[in-house]
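Report on the following structure.
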Amino acid sequence: MIWDKQKECMPREELEELQLKKLQETVKRAFKKIPYYNKKYTEVEVFPEDIETLKDIEKLPFITKDDLRESYPFGLFAVDKKKIKELHSSSGTTGKPVVSGYTEKDLDIWSETIARGLTMMGLGEDDVIQNTHGYGMFTGGFGVHYGSHKIGATIIPISTGQTKRQIEIMRDFGTTGLIFTPSYGIYLGETAIEDGLDPKEFGIKAIGFGAEMWTEEMREQIEKIFGAKAYNIYGLTELMGPGVGIECCAQQGLHIPEDIYYPEIIDPNTLENIGPNMEGELVLTNLEREGMPVIRFRTKDITSLTYEPCKCGRTFARMGRITGRSDDMIKVKGVAIFPSQIEKAILKVSQVKPHYMIIVTRPDVLDQIEVKVEASEDLFFDGVKEMVNIRQKIGKSIENETGIRVKVTLVEPRSLPRFEGKAKRVIDERNLH
Ligand code: DLL
């Protein structure tokens, strides 16, 4: 159990004082040690000494995924590379991925955030946690692993897939804590039911789920299948990984460990900060990160913050469930995809037009993508054989670019909608909002 009442229930005034001190230190370090920040801040003439209050953070320019890609791979590190003990990278893109580096101290802080969350979910040293998140560059596997160690639980690092084996292990090893993405969790439960088992009898005490968008109906379904409470876990590679927000027993929003992350909500159009209880884009700052301090990162995730006291007694702000994105990134099977990647892949194949639509569905519980592409007039006259050939080529090209297998459909020339202004290329029929 990791429960530090003094920290987690700190009066807000005291917390804000602590945050200001840490913010000032972080900005000073970034300015001094990371040329990228130095240049960025100098360009807009904002300097570390300008941060006199917490509100002064608004003077600092934002950091986006593009900044992280530009400084790929190690341009945002604030320490000598030999002090970096672990590297992770965000899922999806095969172009330039986003890299996240951790020193020994960072790994400790990261595991502390997750350990606090697992404790909020009621898990401790008597528990056996089955972690179905992928172990590898994805932060879900190792993040939850480290957090579980910190609370003294027994961890089963089974990773993703092998659904039948997951079920067998769950029963044989006495799993009490289950960690998954919501879509995989439902699939796991339904597979067990199909095999004539009742997951409610498995003895699961608590479930932690996240890494992709979901709806309250999905949570209800998960809780019903397993007969256990399911708690939302949020996080992102750039800021460290899972643990930026985790729900407590009240299940009314995710507590952000505000001594470690500083959250803001902005209007994604005006980029102005907006007040509590209003939806906007979440912006996050690492307050205590040695290896790669990220300051004012635009997550593009839409949510709101509340500072009202929580039933559990913690004073840390709570963020709501993510209800959308301010860009067009979609996460499919846990992998982040931008329509621009699919466009790039399509354009590598001749005889098709740059008109396409991406349709994401979840026919039962797993995601599927269909990409509709307009054929050129010539191709249309070339007949079925050539069409099959081109369809396969597009499919391969998209798989190379995104790592995801999609269904490709060729449609008649000029049959897809044209857009004035911002194109809307993605139709997400999963109803996750
Ligand atoms: O998904 C980290 C993570 C691992 C979170 C395990 C929770 C559990 P990335 O792969 O970098 O990191 O993807 C980050 O996923 O910006 C959101 O758009 C989305 N996301 C993450 N958690 C949630 C959640 C991990 N609980 C991106 N609800 C984020 C909705 C989520 N979306």
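No lab work stands behind these numbers, since they all come straight from the coordinates. This one's a predicted model, so the numbers in the text were calculated from it and none came from an experiment. FYI the Cβ positions are ideal-geometry reconstructions off the backbone, even for glycines, and counts take in every protein chain you see.
What the table shows:
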{"quantity": "Residue among S148, I2, P263 farthest towards the positive dipole end of the chain, charges placed on Cβ", "calculated": "S148"}
{"quantity": "Euclidean distance of C-alpha centroids, region 257-329 and region 359-390, integer Å", "calculated": "39"}
{"quantity": "Net charge dipole size for region 25-95 [Lys, Arg +1 and Asp, Glu -1 on Cβ; Debye, nearest 20]", "calculated": "480"}
{"quantity": "Antiparallel bridge percentage (DSSP; both residues within region 130-243; nearest 5)", "calculated": "15"}
{"quantity": "Dipole in debye (nearest 20) - the chain, about Cα centre, beta carbon charges: Lys, Arg +1; Asp, Glu -1", "calculated": "1020"}
{"quantity": "Pair T270, F380: separation of 7 Å Cα→Cβ label points (nm)", "calculated": "4.7"}
{"quantity": "Cysteines not pairable in the chain (beta carbon separation under 4.7 Å absent)", "calculated": "C9, C249, C310"}
{"quantity": "Computed helical MRE - 222 nm, the chain, DSSP H runs ≥ 4 contributing -39500 (n - 2.57), nearest 500", "calculated": "-10000 deg cm²/dmol"}
{"quantity": "Of K348/K396; K22/K150; K65/K333; K300/K331, pairs whose Cα-Cα distance is over 18 Å", "calculated": "K22/K150; K65/K333"}
{"quantity": "Percent of beta bridges antiparallel (DSSP, region 343-432, rounded to nearest 5)", "calculated": "45"}
{"quantity": "Charged-residue dipole, Cβ positions (Lys, Arg, Asp, Glu), region 208-254 about Cα centre, Debye nearest 20", "calculated": "160"}
{"quantity": "Ordering of 70-77, 146-153 by burial proxy (mean other Cβ atoms within 10 Å per residue, highest first)", "calculated": "146-153, 70-77"}
{"quantity": "Residues D4 and K33, FRET efficiency given R0 of 25 Å [Cβ-Cβ distance, rounded to 0.05]", "calculated": "0.30"}
{"quantity": "Karplus-derived HN-Hα couplings along region 371-385 (A = 6.51, B = -1.76, C = 1.60, θ = phi - 60°), whole Hz, x at Gly and Pro", "calculated": "10, 9, 10, 7, 7, 6, 4, 4, 4, 4, 7, 6, x, 4, 4"}
{"quantity": "Estimated D of region 237-294 in µm² per second, where Rh is the Kirkwood radius over Cα pairs and Stokes-Einstein applies at 10 °C, 1.306 mPa s", "calculated": "126"}
{"quantity": "Inverse of mean 1/r across different Cα pairs in region 292-411, Kirkwood, Å", "calculated": "17.2"}
{"quantity": "Placed amide H near H355: partners under 5 Å, 5+ positions off or other chain", "calculated": "E374"}
{"quantity": "Per-pair calculated FRET efficiency, R0 = 51 Å: E45 and D172 via Cβ, rounded to 0.05", "calculated": "0.20"}
{"quantity": "Relative contact order of region 150-278, defined on C-alpha pairs under 8 angstrom at six or more residues apart (%)", "calculated": "16"}
{"quantity": "Positive-end extreme of charge dipole, region 14-133 - chosen from M121, V79, H133 (charges on Cβ)", "calculated": "V79"}
{"quantity": "Note, ³J(HN,Hα) from phi for region 260-275, Karplus 6.51, -1.76, 1.60, rounded to Hz, x at Gly and Pro", "calculated": "10, 10, 10, x, 9, 10, 10, 7, x, 8, 8, 6, 7, 5, 10, x"}
{"quantity": "Dipole of the chain [Lys/Arg +1, Asp/Glu -1 at C-beta], most positive-end residue of I295, M218, S159", "calculated": "S159"}
{"quantity": "Label zone at E412 (point 7 Å along Cα-to-Cβ), backbone N below 14 Å, region 348-363", "calculated": "none"}
{"quantity": "Within-10-Å neighbourhood charge of W214 [Cβ basis; K, R +1; D, E -1]", "calculated": "0"}
{"quantity": "Region 175-257 - Rg over Rh from alpha carbon coordinates, Kirkwood radius", "calculated": "0.99"}
{"quantity": "Rg and Dmax [Cα atoms of region 49-204; Å; Rg one decimal, Dmax integer]", "calculated": "19.3, 65"}
{"quantity": "Cα shape, region 353-423, gyration tensor, a/c 1.5 rule", "calculated": "oblate"}
{"quantity": "In order through region 303-308: 3J(HN,Hα) via Karplus (6.51 cos²θ - 1.76 cosθ + 1.60), integer Hz, x for Gly, Pro", "calculated": "6, 9, 10, 10, 10, 5"}
{"quantity": "Cα gyration tensor shape of the chain, rounded if a/c is under 1.5, else prolate or oblate by comparing a/b with b/c", "calculated": "oblate"}
{"quantity": "Selection of GluC sites (Glu not before Pro), region 329-414, meeting DSSP coil and at most 14 other Cβ within 10 Å", "calculated": "none"}
{"quantity": "For I63, distant residues with modelled amide H under 5 Å away", "calculated": "F297, R298"}
{"quantity": "Bridge type composition, the chain - antiparallel percent by DSSP, nearest 5", "calculated": "60"}
{"quantity": "For Y231, residues with placed amide H under 5 Å, excluding near neighbours", "calculated": "I207, G208, F209"}
{"quantity": "Shape call, region 127-187: gyration tensor on alpha carbons, a/c limit 1.5", "calculated": "oblate"}
